[in-house]
Amino acid sequence: MTILVTGATGNVGHHLVRELHEAGHPVRALTRDAGRAAARLPRGVDVVEGDLADTATLTTAFQGVTAAHLINFGGDDYAILPNGDDIVRLAVASGVRKVTLLSGWDRGSVDEAVESSTLEWTRLMPGEFMSNARDWAETVRATGRISEPFGDAHSPMSHEADIAAVAAVALTGDGHHAQTYQIGAPTSISMREKVRVLAEAVGQDIEFVELTPEQSRRRDVENGVPRHMIDFKIEVFGGLPTEPYPLEGAAVVERLTGRPAYDFARWARENADAFRR
């Protein structure tokens, strides 16, 4: 069966394409830039161009597909998609029977349409993507410093490879219909600890400068960060516990994939070169 991966060059999507391809499944990768994607994805993957926000561009992508990984957001600003009903109608009409759904910062039209459809669906609920730390790379290389608010707030983080591994299990196996899977590292981690772990992996000192929420807001506005993402960051991180806590999602990863969930130290080692001066 051909499996469609939307957001195929994204933080989770490219891991999922590789996971499925290496397991021998026919994979179709949906991207807004096929030429660029083809250079990043494994040979043998069927790369098609389309935009989730424009359902008319998706007909070819869904042809002959029996399972699909969907996301509920799109575009450079990760906005919640408004055309979920149209996407799901096209998927069902094309013969798709099973989907995984990765939601962004909020529920949206895709979530509602999937859950009310005849599709066999599985919801993926990760914590903060570890790859968000890559946003610090340029500043770390230039200044050796990370400046963020809420230094003691402990975040539930998720390695993108763990999200992809769980998605692959749900897309290729049985017994996952109407399940919501929390996906996370073994324990939460504070902003200060992230910086310390990252510095250790990079092998260079990285200074942590704690901003007030208002300082953080002003900086992000000046840098062109969308308002809804700024509000979301301050609301979420401002409400996190200041003590570490275990994450149920780690047990889910191990139960479904047969291996332990990855922690932030692993992600930092994998991506250390991006931060080195």
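The values are calculated or read from the model by the stated rules, or taken from the named source; none is laboratory data. Every value quoted in this text rests on a predicted model; they were computed, and no experiment measured them. FYI the Cβ positions are ideal-geometry reconstructions off the backbone, even for glycines, and counts take in every protein chain you see. For accessibility, only protein heavy atoms count, side chains too; no ligands or nucleic acids. Shrake-Rupley method; radii C 1.70, N 1.55, O 1.52, S 1.80 Å.
Just to check your reading of the model, which residue among Gly184, Gly224, Gly144, Gly173 is at positive phi and modelled with pLDDT of 95 or more? Of Gly184, Gly224, Gly144, Gly173, the one residue that is at positive phi and modelled with pLDDT of 95 or more is Gly144. If you go through the range 249-266 and keep only what is surrounded by 12 or more Cβ atoms within 10 Å (Cβ to Cβ) and not hydrophobic (A, V, I, L, M, F, W, C), you end up with Gly249, Glu254, Thr257, Pro260, Tyr262, Asp263, Arg266. Can Thr60 be described as in a loop (DSSP other than H, G, I, E, B) and either outside the structural domain of Ala113 (by the TED database) or hydroxyl-bearing (Ser, Thr, Tyr) (or both)? Considered against the rule, which asks whether it is in a loop (DSSP other than H, G, I, E, B) and either outside the structural domain of Ala113 (by the TED database) or hydroxyl-bearing (Ser, Thr, Tyr) (or both), Thr60 comes out as no. Among the residues of the range 197-228, write down those that are open to solvent by less than 80 Å² (accessible area, probe 1.4 Å) and free of Cβ contacts under 8 Å to residues at least 40 places away in the same chain. Across the range 197-228, the qualifying residues are Ala199, Arg217, Asp220, Val221, Gly224, Val225.
Within the range 33-48, being among the β-branched types (Val, Ile, Thr) and not in a loop (DSSP other than H, G, I, E, B) holds for Val47, Val48.
Looking at Arg276, Arg269, just one residue is loosely packed, with under 13 Cβ neighbours inside 10 Å and among the basic types (Lys, Arg), and that residue is Arg276.
For Arg259, the test of being at pLDDT 95 or above and assigned to a helix (DSSP H, G or I) is failed.
In the condition set (1) open to solvent by 20 Å² or more (accessible area, probe 1.4 Å); (2) closer than 23 Å to Ser131 by Cα; (3) assigned to a strand (DSSP E or B), Arg28 is compliant with all but (2). Among the residues of the range 136-184, those identified as closer than 30 Å to Arg97 by Cα, open to solvent by less than 10 Å² (accessible area, probe 1.4 Å) and not in a helix (DSSP H, G or I) are Ser158, His159, Ile183, Gly184. Among the residues of the range 95-119, write down those that are surrounded by fewer than 17 Cβ atoms within 10 Å (Cβ to Cβ) and at pLDDT 95 or above. Of everything in the range 95-119, those that are surrounded by fewer than 17 Cβ atoms within 10 Å (Cβ to Cβ) and at pLDDT 95 or above turn out to be Gly95, Arg97, Glu112, Glu115, Ser116, Thr118.
Select, from Leu90, Leu119, the only residue that is without any contact (Cβ under 8 Å) to a residue 40 or more places away in the chain and touching a helix residue (DSSP H, G or I) at 6+ places or on another chain (Cβ under 6 Å).
Leu90
Comparison of Ala53, Ala38 shows that the only residue that is over 16 Å from Gly75 (Cα atoms) and open to solvent by 40 Å² or more (accessible area, probe 1.4 Å) is Ala38.
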